[in-house]
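Student: The structure follows.
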Amino acid sequence: MQAWIHASIHWLLAALALPKVGLSAIFLVSLVSATLLPLGSEPVVFAYAKAVPDMFWPAVAAATVGNTLGGIITYYMGLGAEKAFERWKERHGHAAASHEHEAARRAKPAGLAQIGGRWHPHISQWVHKLGPAVMFFTWLPVVGDPLCAVGGWLKLPFWPSVFYMALGKFVRYAGMTAGLLWVFPGLL
């Protein structure tokens, strides 16, 4: 029995070894880290690129695709939340009141008691001004993942948003991984 357990553990560790399933592991970790879950994928990409240097570009590509798909999921979560909020307002008779509130809000400066907080109008205006190009910044820590949801909530055009999202994430993975490999050549 003990030999079977030892063999099973050895098989599992061999099956999960980074060089064998590295790209799929990078893809999965990158996808999950692009949702609102706090998980970083950069260390996985760096470790794989360090362990298998010939796979630098495939690792960056797998991370970019996974992280972009995670961003798309978050975009649709924002879009779904906006649609659910609108349905809720209609069902509870807030549709007419929200139009009056919007007109009153535009007539006077935004205050702390405003729905969405005092920064909501500024951020909304900034996102609408930049349009889908704002999705380039989804690679940023802390604000990047919520920005995907905001893009969905504000109904930014989907395919241009995906393009800018993928471009930003590619630049992040390529730059960060190359930088870490350059700064820490002897690590691992």
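Student: Quick check on packing: order 168-179, 117-128 by the mean number of other C-beta atoms within 10 Å, highest mean leading.
Tutor: 168-179, 117-128
Student: Go through Lys89/Lys129; Lys129/Lys155; Lys89/Lys155 and tell me which ones have a Cα-Cα distance over 20 Å in this structure.
Tutor: The pairs that break the limit, which is 20 Å between Cα atoms, are Lys89/Lys129.
Just so you know, all these numbers are worked out from the coordinates, no wet-lab data involved. Note that the structure is a prediction, hence the values are computed from the model and not measured. Heads up, the Cβs are rebuilt from the backbone with ideal geometry, glycines too, and the neighbour counts pull from every protein chain shown.
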